[in-house]
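A.B. asks: Below is the structure I would like to discuss, written out as structure tokens.
The values are calculated or read from the model by the stated rules, or taken from the named source; none is laboratory data. Note that this is a predicted model, so its numbers are computed, not measured. When we count neighbours, we look across all protein chains shown, and the Cβ atoms used for this are built from the backbone with ideal geometry, even at glycine. Calculation scope for accessible area: heavy atoms of the full protein, side chains included, ligands and nucleic acids excluded. Shrake-Rupley method; radii C 1.70, N 1.55, O 1.52, S 1.80 Å.
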Amino acid sequence: MALELYISTADYGYEVAFLDDRKLVEFHRLDQGAQFNVGDLYLGEVRRSVSGLNATFVDIGYSKDSFLHSVDLGSFFGDQAKYIRSVFSGKSSGRVQDISALELKTTSVPRTARNTSRKKNGTDTDKKDGKFLTPFLEPEQKILVQVSKEPINEKGPRVSCEFSLPGRYIILLPFSNKVTVSKKIDSKEEKERLANLVKSILPRNFGAIVRTVSAHVETEDLYKDVKFLLTRWEKGMEKLPNAKPRDPIIKEGNPVHNLLRDFLNDSLDRIYVDDKELYESLHEYILKIAPKKEDILQHYKSKSTKLFHHYDIEKQIRVSFGKRVSVTGGGFIIIEHTEALHVIDVNSGKKAHESGQESNAINTNLEAVPEIALQIRLRDLGGIIIVDFIDMREKENRDKLFEAMKKALSKDKTRFTILPITRFGLLQITRHRVRPETIISTDETCPACLGTGKVESAIGIAETIEKNVEYLLAKRKVSSFKLVVHPYLHAFFTSKGFPFSKQWKWYFKYRVWIKVIGKISMNITDCKYLDKNGEEVFSNLPEEKGS
């Protein structure tokens, strides 16, 4: 099984395709000019707090203020805010030792905007606490925040005061005292080794999340990663004294480097890049973080064929991102997007029916599971996802399908929650969304309805054509022309009415015979008025005086 990464340049930045055994499983569009990326730290300015949302809005330079919920202030926000103010004022140098010298105290921040008390008679009384964040955040207060969600649709970025700096092997957590190890590392002994090792390396008041790729990594490599991240944090703190609100303090850097950092592991077999400058940049980056993987990077030099076309990736993208996606076995799924959620509907299609309805339902549903998991990951769907499976009566089958869905989603690196299937065959999934989903249009706008799904009635179209014919004959005095229309309209104009057809009525009225031609290739909304040379009559007419 080959795992390959393909990186191609685009007008806006880069397109990245991740293939598992030649099958597209992830596709990313990286905007090189994007200002607000997940992980960026900004010096923000508090605008206002809203008790009903239990949150505050912070200006970090986006057209809409960023959203900071009280639960994202962090456990040690009080000490953190004091420290940031001391760095900003120049009283503290911003070095790691200064954070280590702090005595962190847990900050108790209200989790709800309402305090509900129970009266003796059993009724509820709501006491609105409009100043629940006053001890922590005040208007025009300068605050350091990190982007946790990019701007999506009409919403501004979501930010947090729980900082994290991702590295190759660990994620550094300033103002924390916890070290956790990835659950995907199976060995209990290895988990304990990594936890103890990282704790011994980290300075006081710095925590970490140990990544899956850290399994069996040497102490020296972990130490280098920690040192790199601590240096990065200090350099950011050095900017604070001279920073102004809306200034970036720590930026994530090249988005391709960040993506490669997450993909680069022992299983990755090949990386193809079609841009020489990016190739050299990635080569230098790989030598720095994983020199043993240097040979997997390849420069695609052909100018006659694009990278994605050469490796048949473009075709996979077009097939995978349609509204209707085929499933092995004859079924298919329909994927619909709304403002609130995503809906995936499972259909049996032309699949041959099994011995019974229940057997057919469970088999079709199980066949759809791998494709559903793939589509969620491929399109990077986030928020609420509802999967409407074919109804199954037996609870045993619903449980079997639920376990299959959990297993299929386990390969997804993004955090998700999945609930058991209901009696109606509905499966609910919530998936962490940090950036807009990947949307690729595989449809073309209908030339007849222009995407509205509606066209003018045939009678209305015929009336418009009649007005145009009368305009040409009565006002423009055109001697003769051909009328080319859809066969349905041809019948409408030439069939005998009472007492004559439309075609004969024009002749009796204007003494001009109009030849009506029906063409099956014509759209019902189209019509052509052609002279004897086959040219459009309207385009050859002289302009009217005064027009």
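A.B. asks: Does Ser49 satisfy being polar (S, T, N, Q), over 19 Å from Arg158 (Cα atoms) and either assigned to a strand (DSSP E or B) or without any contact (Cβ under 8 Å) to a residue 12 or more places away in the chain (or both)?
C.D. replies: Numbers: polar (S, T, N, Q): yes; over 19 Å from Arg158 (Cα atoms): no; either assigned to a strand (DSSP E or B) or without any contact (Cβ under 8 Å) to a residue 12 or more places away in the chain (or both): yes.
It is false that Ser49 is polar (S, T, N, Q), over 19 Å from Arg158 (Cα atoms) and either assigned to a strand (DSSP E or B) or without any contact (Cβ under 8 Å) to a residue 12 or more places away in the chain (or both).
A.B. asks: Another one. What do you reckon, is Ala243 of a type outside the set (Ser, Thr, Tyr), on the phi < 0 side of the Ramachandran plot and open to solvent by less than 20 Å² (accessible area, probe 1.4 Å)? Before the answer, list the steps.
C.D. replies: On the way: of a type outside the set (Ser, Thr, Tyr): yes; on the phi < 0 side of the Ramachandran plot: yes; open to solvent by less than 20 Å² (accessible area, probe 1.4 Å): yes.
Against the criterion (of a type outside the set (Ser, Thr, Tyr), on the phi < 0 side of the Ramachandran plot and open to solvent by less than 20 Å² (accessible area, probe 1.4 Å)), Ala243 qualifies.
A.B. asks: For the range 167-177, which positions are buried (at least 17 other Cβ atoms within 10 Å of the Cβ) and of a type outside the set (Val, Ile, Thr)?
C.D. replies: Hits for the range 167-177 are Gly167, Arg168, Tyr169, Leu172, Leu173, Pro174, Phe175, Ser176.
A.B. asks: Given Glu394, Glu444, Glu403, which one is farther than 20 Å from Pro370 by Cα, among the charged types (D, E, K, R) and at pLDDT 85 or above? Can you show your working first?
C.D. replies: Values: Glu444 fails: at pLDDT 85 or above; Glu403 fails: farther than 20 Å from Pro370 by Cα.
That would be Glu394, the only listed residue that is farther than 20 Å from Pro370 by Cα, among the charged types (D, E, K, R) and at pLDDT 85 or above.
A.B. asks: Kindly check whether there is at least one residue in the range 8-30 that is open to solvent by less than 30 Å² (accessible area, probe 1.4 Å), outside any strand (DSSP E or B) and either out of contact with any Asp or Glu (no Cβ under 6 Å at 6 or more places or on another chain) or of a type in the set (Gly, Ala, Ser) (or both).
C.D. replies: no
Here is a yes/no grid of residues against (1) over 27 Å from Arg246 (Cβ atoms); (2) at pLDDT 85 or above; (3) of a type in the set (A, V, I, L, M, F, W, C); (4) touching a strand residue (DSSP E or B) at 6+ places or on another chain (Cβ under 7 Å):
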residue: Asp65; (1), (2), (3), (4): no, yes, no, yes
residue: Ser70; (1), (2), (3), (4): no, yes, no, yes
residue: Phe88; (1), (2), (3), (4): no, no, yes, yes
residue: Ser92; (1), (2), (3), (4): no, no, no, no
residue: Ser100; (1), (2), (3), (4): yes, no, no, no
residue: Glu103; (1), (2), (3), (4): yes, no, no, no
residue: Ser108; (1), (2), (3), (4): yes, no, no, no
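A.B. asks: What residue, of Phe508, Phe500, is hydrophobic (A, V, I, L, M, F, W, C), farther than 22 Å from Thr525 by Cα and in a helix (DSSP H, G or I)?
C.D. replies: Within the list Phe508, Phe500, the selection yields Phe508.
A.B. asks: Give just the number: which of (1) crowded, with 16+ Cβ neighbours inside 10 Å; (2) touching an Asp or Glu at 6+ places or on another chain (Cβ under 7 Å); (3) at pLDDT below 90; (4) not β-branched (Val, Ile, Thr) does Glu358 not satisfy?
C.D. replies: (1)
A.B. asks: Let me ask you something else. For the range 178-211, what are the residues that are under 33 Å from the mean Cα position of the chain (by Cα) and open to solvent by 80 Å² or more (accessible area, probe 1.4 Å)?
C.D. replies: Scanning the range 178-211 gives Lys178, Lys183, Lys184, Asp186.
A.B. asks: Would you pick out the residues in the range 496-527 that are closer than 19 Å to Ser457 by Cα and open to solvent by less than 90 Å² (accessible area, probe 1.4 Å)? Outline the logic, then answer.
C.D. replies: To start, the set of residues in the range 496-527 that are closer than 19 Å to Ser457 by Cα comprises 502, 518-527.
Within the range 496-527, Lys502, Gly518, Met522, Asn523, Ile524, Thr525, Asp526, Cys527 meet the criteria.
A.B. asks: Within the range 286-300, track down each residue that is open to solvent by 40 Å² or more (accessible area, probe 1.4 Å) and either part of a helix (DSSP H, G or I) or free of Cβ contacts under 8 Å to residues at least 12 places away in the same chain (or both).
C.D. replies: Once the filter is applied, which keeps residues that are open to solvent by 40 Å² or more (accessible area, probe 1.4 Å) and either part of a helix (DSSP H, G or I) or free of Cβ contacts under 8 Å to residues at least 12 places away in the same chain (or both), the range 286-300 yields Leu287, Lys288, Pro291, Lys292, Glu294, Asp295.
A.B. asks: Among the residues of the range 317-334, which ones are surrounded by 14 or more Cβ atoms within 10 Å (Cβ to Cβ) and touching a Phe, Trp or Tyr at 6+ places or on another chain (Cβ under 9 Å)?
C.D. replies: Those that are surrounded by 14 or more Cβ atoms within 10 Å (Cβ to Cβ) and touching a Phe, Trp or Tyr at 6+ places or on another chain (Cβ under 9 Å): Ile317, Ser320, Phe321, Val325.
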